[in-house]
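Just below is one structure, and these are the notes that go with it.
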Amino acid sequence: MKHFWFCLLMFFSISAFALTEEITLSHANVNIHDTASIKRGAKYFATICIACHTLIYMRYDPIAIEAGITYEKMPINITKWPNNVKPPDLSLETEVHSPDWVYTYLHSFYVDKSTATGFNNLIFPDTAMPDMLASFQGTQTLAGDIIQSEGSYGHTLEWYDVVELQQQGSKTPDEFDQMTLDIVNFLNYAAEPFAVKQEQLGWWVLGYLLILLVLVVLMKRAYWKGERA
């Protein structure tokens, strides 16, 4: 019997690994102009993520400060972490990976009793991070029938093809999607907080260059007109 359970565990582990190679990233519809979403994401970060993660580059940002993300609240001085894994600073997380990666990662946790945290992740296997959003999303488990029928068969799968919701959390799936989108929107903002101003400045620069082009063309015509006279 022990050999049976060991083989079964190995089968699911190998299948999950194979699926990891095939999971396609879900699209996160980030919007740098959606200030309301960014502010909601900042509040989620301040109440959930700041216990473990820092945002060093955001210590003076007004949106972060308004949400309660201050340098004093960041776990700067903590030296001992579970399993000796220090959580990374998330200031540039969407630059290091991508908004789509972070969005899919937050959706892809599932129960795995073989890990130290009791959870695992489809696109980041053996992650040291517990499922901090489980109370909102609910608990997910690997869908055994899907693993057996679709694992490693040459086509990509979405995260929701591979896990199934066993017990819903405090939010509906649509509400959880919006929650994670807000968090990703904020992290995307954190990676480039001046993106909107840069975009606005870019239009002014293009306008200036267009005016300059017109003036140069007029000056050229006037110059050649004088030469011909």
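Just so it is clear, none of the values below were taken in a lab; they were calculated from the coordinates. Bear in mind that the values here come from a model prediction, so they are computed numbers and not experimental data. A quick note on method: Cβ atoms are made from the backbone with ideal geometry, for glycine too, and the neighbour counts reach across all protein chains shown.
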Problem set entry | Any chance Q200 is under 30 Å from S135 (Cα atoms) and either of a type in the set (A, V, I, L, M) or out of contact with any Cys (no Cβ under 6 Å at 6 or more places or on another chain) (or both) | no
For this session: Considering only region 109-126, state which residues are part of a loop (DSSP other than H, G, I, E, B) and within 18 Å of E22 (Cβ to Cβ).
Result: L122, I123, F124, P125, D126
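Let's see how each residue does on (1) under 12 Å from V162 (Cβ atoms); (2) surrounded by 20 or more Cβ atoms within 10 Å (Cβ to Cβ); (3) not hydroxyl-bearing (S, T, Y):
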| position | (1), (2), (3) |
| --- | --- |
| D100 | no, no, yes |
| L106 | no, yes, yes |
| T127 | no, no, no |
| S135 | no, no, no |
| T139 | no, no, no |
Problem set entry | Residues being among the aromatic types (F, W, Y), under 20 Å from M132 (Cβ atoms) and surrounded by fewer than 21 Cβ atoms within 10 Å (Cβ to Cβ) - total across region 160-197 | 2
For this session: From E66, E95, E22, E72, grab the single residue that is of a type in the set (D, E) and in contact with a strand residue (DSSP E or B) (Cβ under 7 Å, 6 or more places away or on another chain).
Result: E22
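Yes or no, residue by residue, for (1) in contact (Cβ under 8 Å) with a residue 40 or more places away in the chain; (2) farther than 18 Å from R40 by Cα:
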{"site": "D61", "(1), (2)": "yes, no"}
{"site": "E66", "(1), (2)": "no, no"}
{"site": "T70", "(1), (2)": "no, no"}
{"site": "M74", "(1), (2)": "no, yes"}
{"site": "K80", "(1), (2)": "no, yes"}
{"site": "V96", "(1), (2)": "no, yes"}
